[in-house]
C-alpha cells in the first residue's frame, strides 16, 4: 500500500496543502454570508466567508495496478470514482501516468 507521504516523496502525486480535491480540482471559494433578513435591512454588513469543499481522506484501491492510494477528495470526486472506476478517474486527474 502506498501512503500519501510516500507518493509525494516519490513524486508520483503532487502534494496539495491547500484544501483542493485531487480528482475534481475543487477549491475553496469566497461567498457572501447574507440571509434574506440581512438583505431587507438598509445597512447590516456581514462580510464575506470562505466556503470549503467537502473533502474526505480516502483509501482507493486500483486493481489494475494492485496498489492502494490515499487521497484527499471531495464527495463529488467519490461519485466520479464510482462512475468511471478508480483507474480511469485517477488517470484523468493526472495522479496515475
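Look at residue 30 and say whether it is in contact with a strand residue (DSSP E or B) (Cβ under 9 Å, 6 or more places away or on another chain) and either surrounded by fewer than 18 Cβ atoms within 10 Å (Cβ to Cβ) or modelled with pLDDT of 65 or more (or both). Don't jump to the end; show me each part of the working.
Details: in contact with a strand residue (DSSP E or B) (Cβ under 9 Å, 6 or more places away or on another chain): yes; either surrounded by fewer than 18 Cβ atoms within 10 Å (Cβ to Cβ) or modelled with pLDDT of 65 or more (or both): yes.
Judged against the criteria, residue 30 is a match.
Among the residues of region 68-91, the one identified as loosely packed, with under 15 Cβ neighbours inside 10 Å, in contact (Cβ under 8 Å) with a residue 40 or more places away in the chain and under 19 Å from residue 27 (Cβ atoms) is 76. Provide a single number: the residues in region 52-97 that are assigned to a loop (DSSP other than H, G, I, E, B) and more than 17 Å from residue 18 (Cα to Cα). The qualifying residues number 8.
The values are calculated or read from the model by the stated rules, or taken from the named source; none is laboratory data. Since this is a predicted model, take the numbers as computed values, not measurements. All Cβ positions, even for glycine, are placed from backbone atoms using ideal geometry, and neighbour counts span all protein chains on display.
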